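Below: one structure, written as structure tokens.
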Amino acid sequence: MSQLKAGFSQVDITPPLGVELCGYGPYAQRKAEEVLEKLYARTCVLRLGGTRLALVELDIIGIRREMTADIRRRVTAATGIPAKNVMLCCTHTHSGPATVPYIGWGEPDPKYLRRLPGLVAKGIEKAAADVRPAQVRYGESQITGMSFNRVSDRRHVDKRLVVLRIDVEGETAGFLAHTSIHPVALGPSSHYICGDFAGLAINAVAEEFPGAVGLFVQGACGDINVNENCLPMPEGLAALRKHADLFAGAVRRALKKARPLRVDRLAARLKAITLPQVPTDVSEAVLMFYAGQIMASRVQSPDIVHRRGLFFQDAYRAVMEKIRRGDRPGLKTEIQKFAVGGLLVLAQPSELYFTFYEKLRRGLRGRKVIFAGYTNDSVGYIPPASAFEVERLPAPGFSQYAPFFSPIMFGEYRYRKDVGDVLVARELALAESLMG
């Protein structure tokens, strides 16, 4: 039987100061003023026989499918690793640059976006060139006191942290940590660049293993926030460090408990899918466009009302253009799966609500699984069907934020209310094809 090999790399992808940061509402114009901790593209390449898998963690809010395709083309040309064997997972930090075209949620810097694919591809090439005999270990720990559900029962959160520890020549060369928590310890008043609590925690734990690279794979955290969040400074920094310490402690516990995982095969699948949407009614689009204009033009309106008005105006202008062109509903994207021995890494591109992760795990009947969100593409929030009854316009309550704004933030039609069930069904079908 072939010997499993592994290689790691870590490439600095920190943007220049002055770029606009992404998150915390429309037209916030948060410009980066200081680097609290650098942002990275961290890569793990696994090789067994002639099969190689490249799993990449990016300290950014999201990635679009076009950039993913660009990176994959570069990697295939340089290394021969097939496109379907390259997975790009974003941590979804809100303290990084705007990298996806959310309308109003930060203006992407074109020069930075032109550089980013080359940096990521070089990191994958470096990891692929340095694979050595390795052993994989799997561990879990519990996370408590870190998160709450911001939409439903506060206790409905991901308490499970999964790690893969990869040893090379008897020493830990790298590890991967996975759970589902929105990285929003810092808030709208912050102008720091960093990977939020996860970035600080992963960096701290990796330093305990000389030369090691740590990766964080974000899960289904569409409705899960870190406990203390969006605080003004300096309280925001205190909350950031508190939660980074809590998370680092959970990672350390899981690493200590990790036991050997038999890796007798590596496999990958990549599947193009279409997420169901409903066409926006012309009357709604016109209403929201003009409501936005009124909200944005009122001199005495609070700042958040003015900014939200600008968003409605610009987003529904884009939606009306889709209607004018006669675009049919249906959002094209992709899902992806890796098999690492008996472990499945299932990837999807949305801000999925946690209830769907639970549904998927039930469907996989207790198998070891990592469910990566924000991967290879960005398609917005996907909540359950019960959330899709929008009761009031133009300012729905926070519980209706996700179905109302997604994917209108991209100037797209809204999702059909069964979109989450459709996505999970496609995920399960693809997982079955890898389970053997």
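The values are calculated or read from the model by the stated rules, or taken from the named source; none is laboratory data. In this text the structure is predicted, and so the values were computed from the model without any measurement. Cβ: placed from backbone, ideal geometry, glycine included. Neighbour counts: every protein chain shown.
For the range 19-50, enumerate the residues that are among the small types (Gly, Ala, Ser) and surrounded by fewer than 19 Cβ atoms within 10 Å (Cβ to Cβ).
Within the range 19-50, Gly25, Gly49, Gly50 qualify.
List the number of the failed condition for Gly380; all other conditions in (1) modelled with pLDDT of 95 or more; (2) within 16 Å of the chain's Cα centre (by Cα) hold.
Failed condition: (1).
Can you find even one residue in the range 173-181 that is of a type in the set (Val, Ile, Thr), crowded, with 17+ Cβ neighbours inside 10 Å, within 30 Å of Arg52 (Cβ to Cβ) and in contact (Cβ under 8 Å) with a residue 12 or more places away in the chain?
Yes: one or more hits.
Go through the range 280-314 and report how many residues are in a loop (DSSP other than H, G, I, E, B) and either under 15 Å from Ile408 (Cβ atoms) or basic (Lys, Arg) (or both). Outline the logic, then answer.
Within the range 280-314, the first condition is being in a loop (DSSP other than H, G, I, E, B), and the residues that meet it are 280-281, 298-302.
Narrowing the set further to residues that are either under 15 Å from Ile408 (Cβ atoms) or basic (Lys, Arg) (or both) leaves 280-281, 298.
Looking only at that region, the number is 3.
Tell me which residues, restricted to the range 331-357, are within 17 Å of Leu4 (Cβ to Cβ) and surrounded by fewer than 20 Cβ atoms within 10 Å (Cβ to Cβ).
Gly341, Gly342, Leu343
Residues of the range 315-348 being of a type in the set (Ser, Thr, Tyr) and either outside any strand (DSSP E or B) or touching a helix residue (DSSP H, G or I) at 6+ places or on another chain (Cβ under 6 Å) (or both), which ones?
Selection gives Tyr316 alone.
For Leu55, are the conditions met, namely being in contact with a strand residue (DSSP E or B) (Cβ under 7 Å, 6 or more places away or on another chain), farther than 29 Å from Gln29 by Cα, crowded, with 24+ Cβ neighbours inside 10 Å and aliphatic (A, V, I, L, M)?
Details: in contact with a strand residue (DSSP E or B) (Cβ under 7 Å, 6 or more places away or on another chain): yes; farther than 29 Å from Gln29 by Cα: yes; crowded, with 24+ Cβ neighbours inside 10 Å: yes; aliphatic (A, V, I, L, M): yes.
Here the answer is yes, as Leu55 does meet what is asked.
Is it the case that some residue within the range 84-94 is closer than 27 Å to Cys221 by Cβ and surrounded by fewer than 23 Cβ atoms within 10 Å (Cβ to Cβ)?
Filtering the range 84-94 down to residues closer than 27 Å to Cys221 by Cβ leaves 84-94.
From what's left, surrounded by fewer than 23 Cβ atoms within 10 Å (Cβ to Cβ): 84.
For the range 84-94, residues closer than 27 Å to Cys221 by Cβ and surrounded by fewer than 23 Cβ atoms within 10 Å (Cβ to Cβ): present.
Does at least one position in the range 73-83 carry a residue that is out of contact with any helix residue (DSSP H, G or I) (no Cβ under 9 Å at 6 or more places or on another chain), crowded, with 23+ Cβ neighbours inside 10 Å and either hydroxyl-bearing (Ser, Thr, Tyr) or at pLDDT 95 or above (or both)?
Among the residues of the range 73-83, not one is out of contact with any helix residue (DSSP H, G or I) (no Cβ under 9 Å at 6 or more places or on another chain), crowded, with 23+ Cβ neighbours inside 10 Å and either hydroxyl-bearing (Ser, Thr, Tyr) or at pLDDT 95 or above (or both), which makes the answer no.
Restricted to the range 215-237, and to residues that are part of a helix (DSSP H, G or I) and modelled with pLDDT under 95, which residue is surrounded by the fewest Cβ atoms within 10 Å (Cβ to Cβ)?
Per the criteria, the residue is Glu235.
Among the candidates Ala41, Ala28, which residue alone is more than 29 Å from Leu346 (Cα to Cα) and of a type in the set (A, V, I, L, M, F, W, C)? I'd like the intermediate steps shown before the answer.
Working: Ala41 fails: more than 29 Å from Leu346 (Cα to Cα).
Being more than 29 Å from Leu346 (Cα to Cα) and of a type in the set (A, V, I, L, M, F, W, C) holds for just one of Ala41, Ala28, which is Ala28.
Taking Arg252 as the residue in question, decide whether it is closer than 26 Å to Thr375 by Cβ and surrounded by fewer than 16 Cβ atoms within 10 Å (Cβ to Cβ).
On the way: closer than 26 Å to Thr375 by Cβ: yes; surrounded by fewer than 16 Cβ atoms within 10 Å (Cβ to Cβ): no.
Against the criterion (closer than 26 Å to Thr375 by Cβ and surrounded by fewer than 16 Cβ atoms within 10 Å (Cβ to Cβ)), Arg252 does not qualify.
Among the residues of the range 200-212, is there at least one that is assigned to a strand (DSSP E or B), under 17 Å from the mean Cα position of the chain (by Cα), more than 21 Å from Leu266 (Cα to Cα) and in contact (Cβ under 8 Å) with a residue 24 or more places away in the chain?
no
Out of Val162, Val151, Val157, I need the residue that is in a loop (DSSP other than H, G, I, E, B), surrounded by 17 or more Cβ atoms within 10 Å (Cβ to Cβ), touching an Asp or Glu at 6+ places or on another chain (Cβ under 8 Å) and in the same structural domain as Val56 (by TED's automatic domain parsing). Which one?
Being in a loop (DSSP other than H, G, I, E, B), surrounded by 17 or more Cβ atoms within 10 Å (Cβ to Cβ), touching an Asp or Glu at 6+ places or on another chain (Cβ under 8 Å) and in the same structural domain as Val56 (by TED's automatic domain parsing) holds for just one of Val162, Val151, Val157, which is Val151.
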